[in-house]
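All remarks here apply to the structure that follows.
The values are calculated or read from the model by the stated rules, or taken from the named source; none is laboratory data. Just so we're clear, the structure is a prediction, and the values are computed from it rather than from any experiment. We place every Cβ from the backbone using ideal geometry, glycine too, and count neighbours over all the protein chains shown.
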């Protein structure tokens with residue numbers, strides 16, 4: 001059967017849906033309407049929403065992965081034991097925060113580090129700005145990121161439609177991925193920008209498994225045709241990721257972490273010790289910059305926490321590997337008869 005190219009547009013664990021990649025009369029890429037169930041080798045979790053794949057049909061509405069095309073980037077989170085793919089081939093992250101319920105400053109900081117490490121643009125959307133009692137507190141937490149140049153837009157998805165309409169030029173022609181905790185209002189933003197999102201979500205959910213995975217699936221939504229295409233010819237899309245409370249970065253080395261802190265970069269390599277941990281070592285230029293208010297103290301605290309997480313993950317991985325080796329050496333092989 002003929003192989004074809006497709007885009008992975010929904011995932012739940014090892015359950016994937018894809019749509020054919022087509023070209024319109026102008027040579028622009030487009031998605032076919034048919035949803036195709038995709039199987040993976042040995043039921044491995046190897047795909048991310050946004051992946052371009054070569055598939056081979058196994059039935060009229062099913063196919064298997066032949067290969068995943070090289071990715072421009074891959075956004076994921078991890079701890080010492082596992083990683084969770086979020087999305088691939090994205091142009092920007094839309095980090096959705098809200099005035100109520102309170103958002104996690106730690107998740108904010110980690111999402112920014114993930115964006116820097118993957119060289120993905122990041123937009124901070126502060127939603128529910130109609131709740132004035134909590135607005136100033138939220139602004140105070142976000143302020144260090146605004147000073148570093150990360151764009152911050154205050155919106156009210158439910159009560160001020162114009163506040164989100166002004167973001168259209170930022171979204172048009174780009175693949176954007178929603179990141180944030182549950183309750184921040186990602187669904188309200190999605191439904192405002194993609195009017196048929198609810199219907200698509202239901203169709204995805206039924207095909208993934210009769211709807212029970214609706215809230216935990218990651219899904220790809222093309223932006224409306226009425227928005228038009230960017231100069232590149234791209235329509236643009238939104239990837240809706242499930243809400244999560246933690247953003248593990250255990251896969252990042254200490255060097256990668258340092259370089260992912262935008263405000264650290266001009267100081268790196270200038271401490272007295274080349275392996276300075278920026279804790280209590282003498283002549284640490286990072287700590288001096290904090291004392292001069294050139295680096296926010298909470299950012300240095302975040303680096304120290306991430307550095308500790310990275311070291312702990314390395315120790316745990318080494319311990320697991322050593323334990324496996326010991327068990328392998330102790331294994332009793334069955335005797336031949």
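Quick notes on this structure:
- From the options 182, 176, 156, residue that is over 19 Å from residue 116 (Cβ atoms) and under 19 Å from the mean Cα position of the chain (by Cα): 182
- Of the set (1) touching a strand residue (DSSP E or B) at 6+ places or on another chain (Cβ under 9 Å); (2) free of Cβ contacts under 8 Å to residues at least 40 places away in the same chain; (3) exposed (fewer than 14 other Cβ atoms within 10 Å of the Cβ), all apply to residue 82 but (1).
- Filter pass, residue 294 being free of Cβ contacts under 8 Å to residues at least 60 places away in the same chain and assigned to a helix (DSSP H, G or I): no
- Flag if residue 101 is in the same structural domain as residue 183 (by TED's automatic domain parsing) and assigned to a loop (DSSP other than H, G, I, E, B): yes
- Residue count for segment 42-98, restricted to those that are part of a strand (DSSP E or B) and under 30 Å from residue 311 (Cα atoms): 17.
- Sole residue being modelled with pLDDT of 95 or more and either in contact with a helix residue (DSSP H, G or I) (Cβ under 8 Å, 6 or more places away or on another chain) or loosely packed, with under 13 Cβ neighbours inside 10 Å (or both), chosen from 175, 152: 152
- Segment 223-244, residues that are exposed (fewer than 12 other Cβ atoms within 10 Å of the Cβ) and either modelled with pLDDT of 85 or more or under 19 Å from residue 204 (Cβ atoms) (or both): 225, 226
- If you go through segment 259-274 and keep only what is under 20 Å from the mean Cα position of the chain (by Cα) and in a helix (DSSP H, G or I), you end up with 259, 260, 262.
- Number of the condition not met by residue 47 [criteria: (1) at pLDDT below 95; (2) surrounded by fewer than 22 Cβ atoms within 10 Å (Cβ to Cβ); (3) out of contact with any helix residue (DSSP H, G or I) (no Cβ under 8 Å at 6 or more places or on another chain); (4) under 19 Å from residue 124 (Cα atoms)]: (4)
- Selection status of residue 220, outside the structural domain of residue 45 (by TED's automatic domain parsing) and part of a strand (DSSP E or B): yes
- Pair list, Cβ under 6 Å, 6 or more apart: segment 154-174 residue in contact (Cβ under 8 Å) with a residue 12 or more places away in the chain and at positive phi, other residue in a loop (DSSP other than H, G, I, E, B) and buried (at least 19 other Cβ atoms within 10 Å of the Cβ): 173/236
Okay, residues lined up against (1) surrounded by 16 or more Cβ atoms within 10 Å (Cβ to Cβ); (2) at pLDDT below 95:
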position	(1), (2)
246	no, yes
260	yes, no
266	no, no
270	no, no
274	no, yes
277	yes, yes
282	no, no
289	yes, no
294	no, no
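- The one condition in (1) assigned by TED's automatic domain parsing to the domain that holds residue 115; (2) modelled with pLDDT of 85 or more; (3) surrounded by fewer than 18 Cβ atoms within 10 Å (Cβ to Cβ) that residue 88 fails to fulfil: (3)
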